[in-house]
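Below you'll find the structure, written out as structure tokens, and then a few comments.
The values are calculated or read from the model by the stated rules, or taken from the named source; none is laboratory data. All figures in this text were calculated on a predicted structure; none of them were measured in a lab. Every residue, glycine among them, receives a Cβ derived from its backbone with ideal geometry; neighbour counts consider all protein chains shown.
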Amino acid sequence: MTATATSGPVDDNGIMRRTGQATAYLLRGGVTAVAAAGAMLALAMAGALCLVLIGVPLLVETIRVVRLLAAVERRRAGRLLGGAVPQRYAEPSGSSFAQLRTLARDPATWRDLLWLVLHAMAGTSLALCCLAVWLCAIIAPVVTLVWWVPDGAPIAFFVTIDSWTRALAVSLPIAVGSAALLIWAGPVFAAAQAKAYRALLAPSARDRLTVRVEQLSTTRAAALDAHAAELRRIERDLHDGIQARLVAVAIQLGLAQRQRDTDPDTANQLVERAHAGVEQTLTALREVVRSIYPPILADRGLAEAVRTLAAESPVPVRASIGALMRPPAAVESAAYFIAAEALTNVVKHSGATEITLTLDQGGNRLVVEVTDNGRGGADPSLGTGLAGVADRAAALDGRTTLHSPAGGPTTLRVELPCAS
């Protein structure tokens, strides 16, 4: 009984919301359709002036205006359909003739021009139809109520309304039919128009493939650069740190061996120093190994490794770790180092007094989110830490989002694909 009582208003609200959204989309489409018609006229004038060459710069600028109108339509269609409509344009440069040549070779330009012609006709027609149906839905009940005003003249509303019979037989069906059209047909026509424009204005499959190849090429180059930098760091740590320590131990042991018979006390001191040096070398070697792949990941998993990071942070960290399925080793390692780098950046640069670290898994995405109450204003271009986080995520086809207004708080969110 409770469910039945509460579902009605929710459905009614949903219907009214869809009707309002469809009406707003169609009526605003009429405004943009008028702008599209004006852009068509400007294109025709600029094309005619190109015969005497002075219209080339004007044509280039008019096409830019068409791009802006198409971008507005992408946003409108995306809001109605619940998803962003992507766009991809070739950016012209050079002289006006070079820019026009680039624009003419860009398939997106021709898609925009086709949309311009279609929208100038369909957008205006649908907007006028929507407006007419709304006027009928509003005026028809009013006509039914006021035709009989004392000393009033009959009202012409499709037919002459001069009796209750005609008022009820004409006005009320028109009102009901108009309301039904607005409620049921309006959202259908608006969605159909938005879907048609989305299909027309979105990049083609070939364009999307080109973008994907470019993204993969960029992330591959970044991954190779990061790998090379990591190898250089490991080589430097081994050569300048561990190798130097081992050489010192060998020298101390050699001196101890020579003085073992002549000066046993000095030999014992050298052996003790060598022993301490070996322990220091082992500690340094463990640090190098940990920087390659932390043993705690293999032994205890990502959740415990991140909890250890949070516990070792000098700034208090509130860790929130959801239920995790074991991701691939590359993703697990990347998530660990991303969390470690993010915490290090907060400690070094933000001046925060509290950090929230969230690690969760939703579907096939592993999410690492670090929020601090510091001063904000984080900029990846000012240092290597955040840029390294983005590169590490991009190498795995992940996505990095940074929100850091001046004054804080700062939120770094990294999503990594974790499907095996």
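When you look at Leu53, is it out of contact with any strand residue (DSSP E or B) (no Cβ under 9 Å at 6 or more places or on another chain), without any contact (Cβ under 8 Å) to a residue 12 or more places away in the chain and either crowded, with 19+ Cβ neighbours inside 10 Å or within 24 Å of Ala199 (Cβ to Cβ) (or both), yes or no?
no
Give region 384-420 a look and list any residue that's of a type in the set (Ser, Thr, Tyr) and surrounded by 20 or more Cβ atoms within 10 Å (Cβ to Cβ), or say none.
Hits for region 384-420 are Thr400, Ser404, Thr410.
Sort through Leu114, Leu135, Leu181 and tell me the only one that's surrounded by 13 or more Cβ atoms within 10 Å (Cβ to Cβ) and modelled with pLDDT of 80 or more.
Leu181
Counting just the residues of region 368-383 that are closer than 23 Å to Pro417 by Cα and either assigned to a helix (DSSP H, G or I) or hydroxyl-bearing (Ser, Thr, Tyr) (or both), which one comes out modelled with the lowest pLDDT?
Checking each candidate, the answer is Pro380.
Return yes or no: is Ala267 assigned by TED's automatic domain parsing to the domain that holds Ile242, farther than 22 Å from Ile242 by Cβ and among the aliphatic types (A, V, I, L, M)?
So Ala267 fits the description; yes.
Please go through region 241-262 and pick out each residue that is farther than 23 Å from Leu285 by Cα and exposed (fewer than 14 other Cβ atoms within 10 Å of the Cβ).
Within region 241-262, Gln257, Arg258, Asp261, Thr262 qualify.
Looking for whichever is of a type in the set (A, V, I, L, M) and part of a helix (DSSP H, G or I) here; the options are Ala352, Ala406, Ala394. Which one fits?
Ala394
Check region 325-340 and report whether any residue there is closer than 15 Å to Val414 by Cβ, without any contact (Cβ under 8 Å) to a residue 12 or more places away in the chain and not in a helix (DSSP H, G or I).
So far as region 325-340 goes, no, none of its residues is closer than 15 Å to Val414 by Cβ, without any contact (Cβ under 8 Å) to a residue 12 or more places away in the chain and not in a helix (DSSP H, G or I).
Consider region 324-341. How many of its residues are touching a strand residue (DSSP E or B) at 6+ places or on another chain (Cβ under 7 Å) and of a type in the set (Gly, Ala, Ser)?
Counting residues in region 324-341 that are touching a strand residue (DSSP E or B) at 6+ places or on another chain (Cβ under 7 Å) and of a type in the set (Gly, Ala, Ser) gives 3.
Quick grid of which residues meet (1) touching a strand residue (DSSP E or B) at 6+ places or on another chain (Cβ under 8 Å); (2) surrounded by 15 or more Cβ atoms within 10 Å (Cβ to Cβ); (3) in contact (Cβ under 8 Å) with a residue 40 or more places away in the chain; (4) within 30 Å of Glu235 (Cα to Cα):
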residue	(1), (2), (3), (4)
Thr283	no, no, no, yes
Ile296	no, yes, no, yes
Ser313	yes, yes, yes, yes
Pro316	yes, no, no, no
Leu343	yes, yes, no, yes
Leu357	yes, yes, yes, no
Gly363	no, no, no, no
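When region 85-104 is examined, which residues are found to be within 15 Å of Arg64 (Cβ to Cβ) and among the hydroxyl-bearing types (Ser, Thr, Tyr)?
If the condition is that a residue be within 15 Å of Arg64 (Cβ to Cβ) and among the hydroxyl-bearing types (Ser, Thr, Tyr), then Tyr89, Ser93, Ser96, Thr102 are the ones that fit.
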